[in-house]
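J.: I have a structure here, written as structure tokens, and I will follow up with some questions on it.
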Amino acid sequence: MKKKLLIIEPHSDDGIISAGGFLLKYQKELDINLCLVTASDLHMYHGFVSRQTRMNEYQNYVDCFSAKWIRPTIDEYQLPIDKESILDKVNRSLIVRLLEKAIQQVQPNKIMVMGPSFHHDHVAVYEAVIAATRPTFQWSVDEIWILENPTYVHDPYPGQFMPNTYVSLEQRILEKKCELFEKLFPTQIRSSGNYLSKDGIIKWAAYRGIQARCEYAEAFYQYFLRI
């Protein structure tokens, strides 16, 4: 049977940036479930991007990987919450409860979540996932992997993200990942020279590849493993 994977993403493009190569490499072996925590209208570096545009892009991403979009509801709140970039204003217990519901719905073998960073949305979601997977929760996953992206080079606490798990990527898979990022998230990819541009992602994969003793790689921190 395919293993159930649940990726919990603060923002719509977090998963493809951090684990797009992993998904392409192991897609056929996984039952992929995607959970977006927040999406809003935003004035970005290149102009206005609507919540609906972000949602449409995410739906295309879900469809591309033949995944399921997990959208639990509690009272009047349904994921994704309309509080992007201000998720710190949302009661943390609500986020935990919504993610508990997502985990209970999927009952995944593996959870992936963006690690804490300079972005408070990342911190809020990471801490909520750790709370939602506490030892006393009714569903216990086999693995929890922490994701990164190239902007983690701007680390508020030097050495905070210390990868211990690497997924090696062939050049064709990395090129396909970049192609999908451009195609699925045209409002999010940056121009050349930025950490979140095509060339930035390739350079970061090459850097992680050096660490992993291969040409290219994605890096993760394995927070929990039960075998």
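The values are calculated or read from the model by the stated rules, or taken from the named source; none is laboratory data. Here the structure is a predicted model, which is why all the values come from computation and not from measurement. Backbone-built Cβ (ideal geometry, glycine too); neighbour counts: all protein chains shown.
J.: List the pairs whose first member sits in the range 95-115 and is among the basic types (Lys, Arg), whose second member is not in a strand (DSSP E or B), and whose Cβ atoms are under 7 Å apart, counting only residues at least 6 apart or on separate chains?
T.: As it stands, the answer is Lys101/Pro72; Lys110/Val141; Lys110/Asp142, since those pairs meet every condition given.
J.: Now a separate question. With the condition kept exactly as written, say whether any residue in the range 121-138 is within 14 Å of the chain's Cα centre (by Cα) and either assigned to a loop (DSSP other than H, G, I, E, B) or within 23 Å of Lys2 (Cβ to Cβ) (or both).
T.: Yes, there is a match, as at least one residue in the range 121-138 is within 14 Å of the chain's Cα centre (by Cα) and either assigned to a loop (DSSP other than H, G, I, E, B) or within 23 Å of Lys2 (Cβ to Cβ) (or both).
J.: Assess whether Lys110 counts as being within 28 Å of Leu30 (Cα to Cα), in contact with an Asp or Glu (Cβ under 8 Å, 6 or more places away or on another chain) and not hydrophobic (A, V, I, L, M, F, W, C). Even if it seems obvious, please write down each step before you answer.
T.: Values: within 28 Å of Leu30 (Cα to Cα): yes; in contact with an Asp or Glu (Cβ under 8 Å, 6 or more places away or on another chain): yes; not hydrophobic (A, V, I, L, M, F, W, C): yes.
Answer is yes for this residue.
J.: Hey, which of the strands (runs of 3 or more DSSP E) in the range 20-65, taking only ones fully inside, have at least 2 residues that are at pLDDT 95 or above? Please lay out each step first, then the result.
T.: Details: elements: 30-36, 42-44, 47-49.
In the range 20-65, the matching strands (runs of 3 or more DSSP E) lie at 30-36.
J.: Within the range 66-89, how many residues are free of Cβ contacts under 8 Å to residues at least 40 places away in the same chain, in contact with a helix residue (DSSP H, G or I) (Cβ under 9 Å, 6 or more places away or on another chain) and not in a loop (DSSP other than H, G, I, E, B)?
T.: Summing the residues that are free of Cβ contacts under 8 Å to residues at least 40 places away in the same chain, in contact with a helix residue (DSSP H, G or I) (Cβ under 9 Å, 6 or more places away or on another chain) and not in a loop (DSSP other than H, G, I, E, B) in the range 66-89 gives 7.
J.: Could you check the range 207-226 and list, in sequence order, the residues that are within 16 Å of Ile111 (Cβ to Cβ) and assigned to a loop (DSSP other than H, G, I, E, B)?
T.: Passing the criteria: only Arg226.
J.: Next up: Of all residues in the range 159-206 being of a type in the set (Gly, Ala, Ser), in contact with a Phe, Trp or Tyr (Cβ under 9 Å, 6 or more places away or on another chain) and assigned to a helix (DSSP H, G or I), which is surrounded by the fewest Cβ atoms within 10 Å (Cβ to Cβ)? Show your work before the answer.
T.: Kept after step one, since they are of a type in the set (Gly, Ala, Ser), are these residues of the range 159-206: 159, 168, 191-193, 197, 200, 205-206.
This time we only want the ones that are in contact with a Phe, Trp or Tyr (Cβ under 9 Å, 6 or more places away or on another chain), so: 168, 205-206.
Right, trim to assigned to a helix (DSSP H, G or I) and you get 205-206.
Working: Ala205: 25, Ala206: 15.
Selected residue: Ala206.
J.: Here is a follow-up. Mind checking which residues of the range 107-124 are under 17 Å from Ile32 (Cβ atoms) and either out of contact with any strand residue (DSSP E or B) (no Cβ under 6 Å at 6 or more places or on another chain) or crowded, with 21+ Cβ neighbours inside 10 Å (or both)?
T.: Of everything in the range 107-124, those that are under 17 Å from Ile32 (Cβ atoms) and either out of contact with any strand residue (DSSP E or B) (no Cβ under 6 Å at 6 or more places or on another chain) or crowded, with 21+ Cβ neighbours inside 10 Å (or both) turn out to be Gln107, Pro108, Ile111, Met112, Val113, Met114.
J.: Does the range 62-84 contain at least one residue that is among the polar types (S, T, N, Q), in contact with a strand residue (DSSP E or B) (Cβ under 8 Å, 6 or more places away or on another chain) and surrounded by 15 or more Cβ atoms within 10 Å (Cβ to Cβ)?
T.: So in the range 62-84, the residues among the polar types (S, T, N, Q) come out as 66, 73, 78.
Those still in the list that are in contact with a strand residue (DSSP E or B) (Cβ under 8 Å, 6 or more places away or on another chain) too: 66.
Then keep just the ones that are surrounded by 15 or more Cβ atoms within 10 Å (Cβ to Cβ); that gives none.
Among the residues of the range 62-84, not one is among the polar types (S, T, N, Q), in contact with a strand residue (DSSP E or B) (Cβ under 8 Å, 6 or more places away or on another chain) and surrounded by 15 or more Cβ atoms within 10 Å (Cβ to Cβ), which makes the answer no.
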